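Take a look at the structure below.
The values are calculated or read from the model by the stated rules, or taken from the named source; none is laboratory data. Because the structure is a prediction, the values reported are computed rather than measured. Here the Cβ positions follow ideal geometry from the backbone for every residue, glycine too, while neighbour counts run over all protein chains shown.
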Amino acid sequence: MESKSLLLQYMGDTPKLRIIDFFLDNKESDYSKKEIIEYTGISKTTLYNVWNEILKFEYLKTTRKYGKAQLYALNPDSTLIKKFQDLDNELGKQIMQKAMEDPISAQ
């Protein structure tokens, strides 16, 4: 079983956060809905249930079409995405700081 990211551990494992977390980890690429479903492990129904909110808050932007599939990428201009990135970075810093202070318990 794959371990959860720090962001999901801290904020909770919800479909919207899984999608945001996936794109935060893959900032340089764009993906189709089918790929998002595959890589996040959420169902097609769940994706479609949260998709309008994902687009409404502009977490993602459309990039290009590949055949009939529309591709999406993280929207780096989104204020909310910037906040998620800051939170993700801060969580990483805190974990690293704790590991350096107490390397035995970090294992």
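Of all the numbered requirements in (1) within 13 Å of the chain's Cα centre (by Cα); (2) touching a residue at least 60 places away in the same chain (Cβ under 8 Å); (3) exposed (fewer than 14 other Cβ atoms within 10 Å of the Cβ), Ile95 misses one, and that requirement is (1). Scanning the stretch 59-104 for residues that are charged (D, E, K, R) and closer than 22 Å to Ser29 by Cβ returns Lys61, Arg64, Lys65, Lys68, Asp77, Lys82, Lys83, Asp86, Asp88. Selection of first residues in the stretch 1-19 that are over 13 Å from Leu47 (Cβ atoms) and among the charged types (D, E, K, R) and of second residues that are part of a loop (DSSP other than H, G, I, E, B) and modelled with pLDDT of 90 or more, restricted to Cβ pairs under 8 Å at least 6 apart or on distinct chains, gives the following pairs, ordered by first then second residue: Lys4/Asp13.
Are any residues in the stretch 47-58 under 19 Å from Asn26 (Cβ atoms) and not hydrophobic (A, V, I, L, M, F, W, C), and if so, which ones? Of everything in the stretch 47-58, just one residue is under 19 Å from Asn26 (Cβ atoms) and not hydrophobic (A, V, I, L, M, F, W, C), namely Glu58.
Checking each residue in the stretch 1-56 for being small (Gly, Ala, Ser) and either surrounded by 13 or more Cβ atoms within 10 Å (Cβ to Cβ) or modelled with pLDDT of 90 or more (or both) picks out Ser5, Ser29, Ser32, Gly41, Ser43. For the stretch 22-33, indicate whether the set of residues that are more than 13 Å from the chain's Cα centre (by Cα) and in a helix (DSSP H, G or I) is non-empty. Yes, the stretch 22-33 contains a residue that is more than 13 Å from the chain's Cα centre (by Cα) and in a helix (DSSP H, G or I).
Can you tell which of Lys61, Lys82, Lys65 is modelled with pLDDT of 90 or more, among the charged types (D, E, K, R), surrounded by 12 or more Cβ atoms within 10 Å (Cβ to Cβ) and assigned to a strand (DSSP E or B)?
Lys61
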